[in-house]
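A short worksheet on the structure shown next.
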Amino acid sequence: MNGQYIPVAVMATQVALRTKPSTYPEPFASRMAGREKRPLGDLFGLSNFGINLTKLLPGAGSALRHAHSKQDEFIYILHGHPVLVTDAGETQLSPGMCAGFKAGTGNAHQLLNRTNEDVHYLEVGDRSAGDSAVYPDDDLQAAFVDGNWLFTHKDGSPY
């Protein structure tokens with residue numbers, strides 16, 4: 001990584017938090033309050049997929065409910081009891097449980113922490129070029145262009 005030091009191993013809970021809590025435009029970014037992400041994959045210079053150690057405080061959500069066109073996603077619950085919300089309904093999760101979301105299925109998903117304890121989980125996603133995301137519950141759509149998410153209203157107008 002351009003002469004930058006890449007560690008061999010680290011304590012995941014000590015990795016610095018992501019500097020920008022959310023890439024969503026307002027009014028959606030503020031809805032991500034209570035979510036903390038530690039970008040583990042970036043620390044090691046991984047470019048084909050990302051790995052985050054994510055913490056949801058009580059009442060927080062992982063993301064807006066969304067589905068990707070090209071990006072597969074996977075989560076593994078380490079601590080706590082979040083609710084997984086998908087097009088099929090709600091599923092209570094617990095430590096040791098995992099879930100995967102195949103790209104292109106249209107099955108929108110998110111995690112919600114409706115408990116009084118923190119939730120900790122690993123999230124893994126690839127970084128497929130040309131990916132897009134739909135948000136069935138919000139006036140939002142996204143396109144992954146040149147390594148960045150570009151957000152617009154569903155009619156294509158900018159935020």
Completion exercise
The set of residues whose placed amide H lies less than 5 Å from the amide H of HIS79, leaving out same-chain residues fewer than 5 positions away, is HIS120
Problem - Reach of LYS20 by Cα under 13 Å, taken over aspartates and glutamates that are not fewer than 8 positions away in the same chain - result: GLU36
Problem - Of GLY50, GLY80, GLY96, the one that fluctuates the most in a GNM where the chain has Cα springs shorter than 10 Å - result: GLY96
Exercise for the section: Quick one: work out the % antiparallel among DSSP beta bridges in the range 34-159, nearest 5. Expected result: 100
Exercise for the section: Sort all Cα-Cα distances of the range 23-152 into consecutive 10 angstrom bins from zero, then give the percent of pairs in each bin up to the one containing the longest distance. Expected result: 13, 44, 38, 5
Problem - Whole-angstrom gap from the range 20-95 to the range 118-154, using each part's C-alpha centre - result: 11
Practice task
State, as an integer percentage, the relative contact order of the chain based on alpha-carbon contacts under 8 Å between residues 6 or more apart.
Solution key: 22
Problem - Exposure proxy ranking, count of Cβ atoms within 10 Å, fewest first, for HIS68, HIS120 - result: HIS120, HIS68
Exercise for the section: Please identify, among ALA129, ALA142, ALA63, the residue showing maximal mean-square fluctuation in a Gaussian network model of the chain using a 10 angstrom Cα cutoff. Expected result: ALA129
Exercise for the section: Would you compute, from DSSP H runs of 4+ residues alone, the mean residue ellipticity of the chain at 222 nm, taking -39500 (n - 2.57) per run and dividing by the full residue count, rounded to the nearest 500? Expected result: -500 deg cm²/dmol
Handout entry: Packing rank of 107-113, 147-153, where each peptide gets the mean count of other beta carbons within 10 Å, highest leading
Key = 107-113, 147-153
Practice task
Pull up all non-local amide H partners of ASP131: gap of 5 or more, or a different chain, and H-to-H distance under 5 Å with H placed in the peptide plane.
Solution key: PHE144
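Read-outs: derived from the displayed coordinates by stated rules, not from any lab. This is a predicted model, so every value here is computed, not measured. Note that we place each Cβ from the backbone using ideal geometry, even for glycine, and neighbour counts take in every protein chain shown.
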